[in-house]
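Report on the following structure.
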Amino acid sequence: MTFWQKIFRNSVPSADQRYSQLVTVLLHHQRLMGEIILQLPHRFDHQLQATMGLAWAGNQLVIRVNPDRLLVLRQDDAVLMLAHLALHMVWKHPARYTNYSDQELVAVATDIAVNQYLPGTPQGTASLAQLRRVLRRPVPEKLDSQEYLQIINGASQEEREKLLHAVGGTNAGNASKTAAEQPVESHAGWVSGTQINADQAARLAAVNQLVHQAWRQTPQRDRGLLPGEVQAQIERPVEPIAVVPTWQQLLRRQLGKIAQGHQPRANRFNRRQPLRMDLPGQVSRLVPAVHIFVDNSGSVSDEELAAALLAIGQMTGTLGLPAWLYSFDAKVSGKGTRLRPGQAPRLTRQGGGGTQFQCVFDYLRDHRVPKTGTMVIIITDGWGESTLRCHHYYDVFWLLTTKRDQLSVPTPASHVLELRRKQND
């Protein structure tokens with residue numbers, strides 16, 4: 001006879017009954033975590049790709065639960081997952097990272113931070129041991145999630161992919177997995193759709209109020225059993241601003257998506273097994289060059305420009321991507337020079353007249369640069385014309401020497417970054 005049959009006298013419990021029982025068990029073993037979960041309303045969702053997860057409903061957090069998956073999850077695993085969610089609340093992770101651009105990395109960093117205060121690691125969540133194995137170096141324990149996020153952002157594209165694969169992939173990629181392979185937790189509700197520009201201050205206040213209410217409901221004897229870091233976070237909370245990736249990190253991440261490799265081709269023999277006609281061969285994937293255009297009239301100094309170009313050269317060199325460098329004002333000067341990885345580039349500024357961004361896109365079109373898979377980087381002060389025909393070149397990074405709002409093109413279908421922006425601006 002199973003545990004649940006004993007509890008409910010041989011009847012199969014409903015999802016509501018089981019959820020209530022799990023909260024009761026959590027209250028008994030970890031009073032503060034149970035008090036936090038007790039204050040959060042839960043909503044059943046059969047379409048949820050995980051068992052449970054925190055999600056925003058306006059400025060209120062709820063726990064989304066897949067009732068079908070909850071009924072087949074072991075009690076110990078389910079209680080562990082509820083404690084995991086409660087620790088996210090203690091550190092205010094769903095509110096701190098509401099507007100962060102890369103939620104996959106946020107999920108990994110925040111899970112690593114909270115799982116160190118649990119007796120085990122919930123299925124499909126990241127651990128410090130996984131991060132250490134992927135990076136092949138010691139990583140300090142008991143850091144804040146923001147510090148783990150900085151470490152992950154500083155890793156290579158290959159290391160980040162290995163880490164995501166070790167954890168179990170993204171929520172978006174879980175639709176095709178079997179029920180047994182699905183993760184226990186979902187971070188998808190932290191930010192979605194129109195909530196990307198949510199009121200972060202209001203959400204932080206809501207989480208803070210909920211956690212302190214749970215703290216007041218927790219008896220003193222149970223508070224003393226908590227790890228010192230958890231007590232300190234509640235009594236003297238440290239709420240650093242979520243890390244904003246630097247332009248180098250964002251650019252490196254995007255460059256990694258167009259790295260060279262091979263692709264299967266049915267009309268080519270497989271070199272390893274030529275007699276297997278059912279196995280496709282491979283051909284080299286064409287890798288378009290990265291095209292970098294520097295505005296002659298830009299306010300960037302030669303030293304800053306050289307440092308930026310050297311950083312881009314190192315990125316493209318690591319990924320094996322060719323990069324070409326041009327200067328422009330009202331027209332593009334010359335045919336461009338090859339940017340050598342690890343070598344300080346020499347760029348001769350010519351012209352110096354008025355800036356016209358249109359000449360960059362006309363140059364790409366006239367020289368038949370492929371529109372797909374090609375990255376265009378424009379280093380400029382942003383002062384040019386207000387209307388632009390991009391000729392369907394959309395993978396464009398505007399690297400501004402001024403503020404983002406100084407770009408004269410009102411709604412560019414591209415990425416706008418600041419060259420001089422600091423890590424925590």
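Residues in the range 23-78 that are of a type outside the set (A, V, I, L, M), part of a loop (DSSP other than H, G, I, E, B) and over 22 Å from THR98 (Cα atoms): GLN30, HIS46, GLN47, ASN66, ARG74. Collect the residues in the range 362-390 that are surrounded by 15 or more Cβ atoms within 10 Å (Cβ to Cβ) and assigned to a loop (DSSP other than H, G, I, E, B), keeping them in residue-number order. Hits for the range 362-390 are VAL369, LYS371, THR374, ASP381, GLY382, TRP383, GLY384, LEU388, CYS390.
Have a look at LYS142, LYS162 and point out the one that is of a type outside the set (A, V, I, L, M, F, W, C) and part of a loop (DSSP other than H, G, I, E, B).
LYS142
Residues of the range 18-37 that are farther than 14 Å from ALA214 by Cα and either outside the structural domain of VAL230 (by TED's automatic domain parsing) or touching a strand residue (DSSP E or B) at 6+ places or on another chain (Cβ under 8 Å) (or both): TYR19 alone. When restricted to residues that are surrounded by 15 or more Cβ atoms within 10 Å (Cβ to Cβ) and assigned to a helix (DSSP H, G or I), the range 148-158 contains 7. Here ASP102 fulfils each of the conditions (1) more than 14 Å from the chain's Cα centre (by Cα); (2) acidic (Asp, Glu); (3) at pLDDT below 90 apart from (1). Somewhere in the range 38-61, is a residue basic (Lys, Arg), in contact (Cβ under 8 Å) with a residue 24 or more places away in the chain, in the same structural domain as ARG216 (by TED's automatic domain parsing) and surrounded by fewer than 22 Cβ atoms within 10 Å (Cβ to Cβ)? No, because not a single residue in the range 38-61 is basic (Lys, Arg), in contact (Cβ under 8 Å) with a residue 24 or more places away in the chain, in the same structural domain as ARG216 (by TED's automatic domain parsing) and surrounded by fewer than 22 Cβ atoms within 10 Å (Cβ to Cβ). A search for C-beta distances below 7 Å between a residue of the range 100-122 that is without any contact (Cβ under 8 Å) to a residue 40 or more places away in the chain and any residue that is of a type in the set (Val, Ile, Thr) and surrounded by 24 or more Cβ atoms within 10 Å (Cβ to Cβ), counting only pairs 6+ apart in sequence or on different chains, returns ASN115/THR125.
Within the range 308-344, the set of residues being at pLDDT 85 or above and in a loop (DSSP other than H, G, I, E, B) comprises PRO322, ASP329, ALA330, LYS331. So in the range 202-224, with the set limited to residues that are over 14 Å from ARG96 (Cβ atoms) and without any contact (Cβ under 8 Å) to a residue 12 or more places away in the chain, which one is surrounded by the most Cβ atoms within 10 Å (Cβ to Cβ)? Looking at the filtered set, the residue picked out is GLN209.
The values are calculated or read from the model by the stated rules, or taken from the named source; none is laboratory data. If you're wondering where the values come from, they're calculated on a predicted model, not measured in any experiment. We place every Cβ from the backbone using ideal geometry, glycine too, and count neighbours over all the protein chains shown.
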